[in-house]
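Worksheet: the structure to be examined is printed underneath.
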Amino acid sequence: MVNTIFWLAYIAVTLWSIVNIIFNGSKATKMISWSLSVIVFPFLGPLLYYLFGINRRKFKLFKLKQTEKRKLYSETHKELEGGEQSVHEFDDYKHDKLAILIRKNSYFAPYNGNKITLLNDGEEAFGAIFKAIEEAKEFIHLQYYILEEGMLLDKFHDLFAKKIKEGVEIRMLYDSFGSNSMRGKRVKRFKDLGVKAFSTMPIRFGNLLFTLNYRNHRKIIIIDGKVGFTGGFNVSDKYMRPVSELGVWQDLHLKIEGPAVNSLQRVFVKDYHFAGEEELLLQDKYFPKVEPMGSTVAQIISSGPDSRYPAIMQQYLAMINIATKSICIANPYFIPGEPVLEAIRIAALSGVEVTLLTPKISDSLLAQYSMFSTFEALLEVGANIYLRPDFSHSKVIIIDGEIVSVGSGNFDYRSFEHNFETNAILYDKERASHIERLFTRHCTNDVKVDLEKFKKRSPFSKFLEGLAKFFSPLL
């Protein structure tokens, strides 16, 4: 009797899941992966699909309460008043094509007159951030995927206490999943200072099924509307000292001074509007006119579940497609999916030099084996792959030594479809070449992947790669 009830329940739940996958699935690869998952893993598979697989953007509840409001906000505030004054007009096809795409899919224009400072490790990045906070006069806006307990977060707390006493407004956003320790007393200590702190898409019982799979992965700081930071760094001590077997994490961040800070501010204001009790920060105070500070043309791109298009994926595809000489990609989670992978293969077969730099060891075994599963197809078309021995969290793509993107967007399904991400694109040969030099110093023969040797890896490794590849659309 018990066995009969079990099998009837298993069949009912599995059929329900498969019917939902057929009706609501958007991509064949994901549909197949989820279908096999719910069949192979009784009850666990359907539960995981219910939590992470359902495309809730099609559902009315999510559509009304989350997505459509954010879309309306973006379309209403495409360009703030005065934002056109330093918009850059390109005179060549390559730059113009990319800039137009981003302006249409993400509503941000390329701005001239920016000063860019490259921050290449934890000491540099947080040293520059803390110095800028010390100099704040009006407001500090901060947004991170991870705010982790430790000496760095304590330093932010001490600086915030000082700046609030000086009359500086401070607003802070954090992802409720990535910053899972920021609850109770840990977040209260910031609020007690006067910091307006909110979690984005908080995980609560009432909205768990509509928010758990959509995370805010951005890393942004804006100070007085004139100085901005963005890139890959989270607030975690792992960037300052070894806290695991991966050692000290490496990453890349940008300090931006100039008109492009306006775009970063718009990203923050939108997220804050929907997380911070509907406070809409569109006053001139928060968008001051910023005079040119340098010579770099910079363009911000943001993407998320509220976007009409997968803007980050389109950005990467466009950069790959317009490259004529070289493509350099550094990413810790290179799981691009078939469309992007095919674009890279086409570029390599067309004579473009393709170089991929990833960590040899990942903080996620599933991600590591998923990455390795793509290598043979890339090596066979002449791509160069290097596995650096330390763990680099950088998300960088450089094309032709002319255009470089630095930000939070990974080369995986989660960044393309589920996460709120932000990248900064620099149309600047000097900056692109500088970052490419940093890139190539890790591309040495002793860490280069050889095709023939790679083919001889053990059958068990190949099995794990195949298994991970099967699950990669679900990451």
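Read-outs throughout are calculated quantities, based only on the coordinates presented, and are distinct from any laboratory measurement. These numbers were taken from a predicted model, which means no experiment stands behind them. Virtual Cβ from ideal backbone geometry, glycine too; neighbours counted across all protein chains shown.
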Practice problem: Express in nm, to one decimal, how much length is gained between Ala377 and Lys162 on full extension, taking 0.36 nm for each residue of separation and deducting their alpha carbon distance. | Solution: 72.0 nm
Exercise. Report, in debye and to the nearest 20, how large the dipole of region 112-294 comes out about its Cα centre when Lys and Arg carry +1 and Asp and Glu carry -1 on their Cβ.
Key: 400
Quiz prompt | For Lys219, residues with placed amide H under 5 Å, excluding near neighbours | solution = Gly231, Thr422
Self-check item: Calculated from backbone phi, Karplus (6.51, -1.76, 1.60) coupling profile of region 187-202 in Hz, x at Gly/Pro
Solution: 7, 4, 5, 6, 5, 5, 6, x, 6, 8, 10, 9, 8, 8, 6, x
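So what's the convex hull volume per residue for the Cα atoms of region 123-172, in Å³? All intermediate terms of the calculation are to be shown ahead of the outcome.
Details: hull volume 3.6 nm³, N = 50.
About 71 Å³ per residue, rounded to a whole number.
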Quiz item: What list do you get for Ile170, Ile312 if you sort them by fewest beta carbons within 10 Å?
Solution: Ile170, Ile312
Quiz item: What fraction of the Cα pairs in region 336-475, stated in percent, has a spacing above 18 angstrom?
Solution: 61
Quiz item: Residues of region 145-177 with amide nitrogen under 11 Å from the 7 Å Cα-to-Cβ point of Glu279?
Solution: 169-173
Quiz item: Label-point separation (nm) for Thr117 and Phe130, each offset 7 Å from Cα along Cα-to-Cβ?
Solution: 1.4
Quiz prompt | 5 Å binning of all Cα-Cα separations within region 84-203, expressed as whole percents from 0 upward | solution = 2, 9, 15, 16, 14, 14, 12, 10, 5, 2, 0
Self-check item: For region 112-294, share of DSSP beta bridges that run antiparallel, in % to the nearest 5
Solution: 60
